């Protein structure tokens, strides 16, 4: 039995869609009604990291699990402890590329480092997926593109080797269903480092209309982030943007093509497949 957590999130829902229907699959979600793309044979269960008994039920009989957490706190610790007690053999964890950057010391990166350490010390087989920023982060511009033909962002000329979430999901499925990934850390990037200015130009070309890039100042960005996130998380995201400005997110890795036997997906390809999100109202 394979358990998929984070099944309604950006990567988890793609993992659910890609797992072979002839395997025993259990899908875990806080709100099962939001799960899409699961095979007719998949079991969908309601569970929450903060509810220990629901985790016990979700992990009963599971041999391999895809672990995704998003709330800074003890969710990983609860899951790992319960999984070990339930006899889970293999855990594939979605982490972050920043963990490998010694200059990164923000709240989110420290939390992910601690979580990786917990998994490595659990006694279970582990595989760590460390993706660079998701190409789907560009969806945060969708409303302003639809209504104002504008892309507001920090540091428009700084490059990020962002990755298609579908590539992350393809690697996750390999790690869950194949041998040879235990004890390995997979750094996942797209095929090139691309700037927000370049992304804006590509979106404009695909949409067939001009878009303007609006460079945000640091305080403008801070104000915008604090509308959406608690103070510590907003500051962590600003620190992350500063590392990108300094070139810390431009390195391209060959892991995706090496594991999947094909080129990593480009931003243009991702944008083409999600263009309706940016179309004018």
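Some values worked out for this structure:
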read-out	value
Estimated distance in nm for a label pair at residue 23 and residue 105, the labels positioned 7 Å out from Cα along Cα-to-Cβ	4.0
Residue 57-residue 205 FRET efficiency (beta carbon distance; Förster radius 51 Å; 0.05 resolution)	0.55
Label-point gap, in nm, between residue 273 and residue 30 - each point 7 angstrom along Cα→Cβ	2.7
Value of relative contact order over region 130-209, rounded to a whole percent, pairs C-alpha under 8 Å and six or more apart	41
Kirkwood-based shape ratio for region 82-143, expressed as Rg/Rh from alpha carbons	1.09
Crossing angle, helix 218-228 versus the chain [Cα axis fit, 0-90 degrees, rounded to tens]	40
Largest-first principal axis extents of the Cα set of region 109-222 (Å)	53, 31, 22
Degrees separating the helix 165-177 axis from the principal Cα axis of the chain, which is the longest one	20
Per-bin percent of Cα-Cα distances, region 107-167 [5 Å]	3, 13, 15, 16, 18, 12, 9, 7, 4, 2, 0
Binned Cα-Cα distances of region 150-275, short to long, each 5 Å bin given as a whole percent	2, 10, 16, 17, 18, 17, 11, 6, 2, 1
Segment residue 137-residue 120, length gained on full extension (0.36 nm per residue, minus Cα span)	3.2 nm
Debye intensity ratio I(q)/I(0), log10, region 54-170, q values 0.10, 0.15, 0.17, 0.21 Å⁻¹ (C-alpha model)	-0.40, -0.78, -0.92, -1.19
Along each principal axis, Cα extent of the chain, largest first, Å	54, 38, 35
Tilt relative to the chain, helix 196-207 - C-alpha long axis, 0 to 90 degrees, to 10	90
Spatial extent of region 31-97: Rg and Dmax, with the Cα atoms as the point set, Å	12.3, 34
Calculated log₁₀ intensity ratio I(q)/I(0) where the Debye formula runs over C-alpha points of region 185-254, q = 0.13, 0.14 Å⁻¹	-0.54, -0.62
Tail weight of P(r) past 16 Å, computed on alpha-carbon pairs of region 230-281, percent	67
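Laboratory data are not the source of any read-out in this text; all were calculated from the coordinates shown. All figures in this text were calculated on a predicted structure; none of them were measured in a lab. Note: ideal-geometry Cβ built from the backbone for every residue, glycine included; neighbour counts use all protein chains shown.
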